[in-house]
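S.K.: Would you mind keeping the following structure in view while I ask a few things?
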Amino acid sequence: MTALLLLALALAMDAFAAALSQGAAARPNPTASDALRVGFAFGAAQAMMPLIGWSLGLAFESVIRDIDHWIAFILLTLLGGRMVRTGVAADDGTPPGPVKVYTGWALTTAAIATSIDAAAAGITIPLLGQPIAVACAVIGGVACLLSTAGVLLGGACGVLMGRRAEIVGGVVLIGLGCKILMEHVYFDGG
């Protein structure tokens, strides 16, 4: 179970960083409802992706491993670029208007982009000695808790940063996409 918890924590770090940036960019501060919505979306994506990876099996492992980092990079860069563009355009001296935490397709895209690696990790779940349902529940639960906390923590930090929080949040998402790409291309032999 320790190995499963460590895997869940590792997989949840990208979701936590994305949730943190969303909370920091939100104006007014994100509500508990916002945080739970983001946490649930990220947790659900993190729980489903290992199941998808596990069910596809080893036959498609190389296909998933060959493109997952590019998909995550493109999606996170697009979302982050949009946040940076909005933050820079709004930095004209006027008081900041409301910026909502992602909902709908933007939230779905962020949740999927930060959990694509979990599909590849799903292939290794049988090696952990845990039933797939238990593994998916633990991975999803950890991601949900960390992402919910990330939105709330980001909201507290966003007050200190003001309008720059949206720009910083966008840069974090772009950096996260670059990190995923670099890890796979340069460190996994991608």
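S.K.: So what is the relative contact order for the chain, in percent, with contacts set as C-alpha pairs under 8 Å and at least six apart?
M.R.: Relative contact order of the chain: 51 percent.
S.K.: Give me the distance in nm between label points sitting 7 Å out from Cα along the Cα-to-Cβ direction at THR103 and LEU145, one decimal.
M.R.: Calculated label separation equals 2.9 nm.
S.K.: Using 0.36 nm times the number of residues separating THR31 and VAL134, minus their current alpha carbon distance, what extension gain do you get?
M.R.: Working: separation 103, 0.36 × 103 = 37.08 nm, distance 3.00 nm.
Length gained, THR31 through VAL134: 34.1 nm.
S.K.: Take the Cβ-Cβ distance between THR124 and ALA89 as r, set R0 to 41 Å, and report the resulting FRET efficiency rounded to the nearest 0.05.
M.R.: Numbers: r = 43 Å, r/R0 = 1.06.
FRET efficiency, THR124 to ALA89: 0.40.
S.K.: Would you mind ranking LEU152, LEU128 by Cβ crowding within 10 Å, fewest neighbours first?
M.R.: Least to most surrounded, the residues fall as LEU128, LEU152.
S.K.: If I model a spin label as a point 7 Å beyond the Cα along the Cα-Cβ vector, how far apart are those points for MET1 and ARG164 in nm?
M.R.: 4.4 nm
S.K.: What list do you get for ILE125, ILE112 if you sort them by fewest beta carbons within 10 Å? Working shown, then result.
M.R.: Working: ILE125 21, ILE112 18.
Lowest to highest Cβ neighbour count: ILE112, ILE125.
S.K.: Arranged from highest to lowest average of other beta-carbon atoms within 10 Å per residue, in what order do the peptides 166-175, 102-111 appear? Let's see the in-between values first.
M.R.: Working: 166-175: 22.2, 102-111: 16.6.
Output ranking for 166-175, 102-111: 166-175, 102-111.
S.K.: Follow-up. Neighbouring Cβ atoms within 10 Å as the yardstick, rank THR148, THR2, THR114 fewest first.
M.R.: Sorted ascending by nearby Cβ count, the order is THR2, THR148, THR114.
Each reported figure results from applying straightforward, stated rules to the coordinates on display, with no laboratory input. Owing to the predicted nature of the structure, the values given are computational and were not obtained by experimental measurement. Neighbour counts are summed over all protein chains in view; Cβ atoms, including those assigned to glycine, are modelled from backbone coordinates with ideal geometry.
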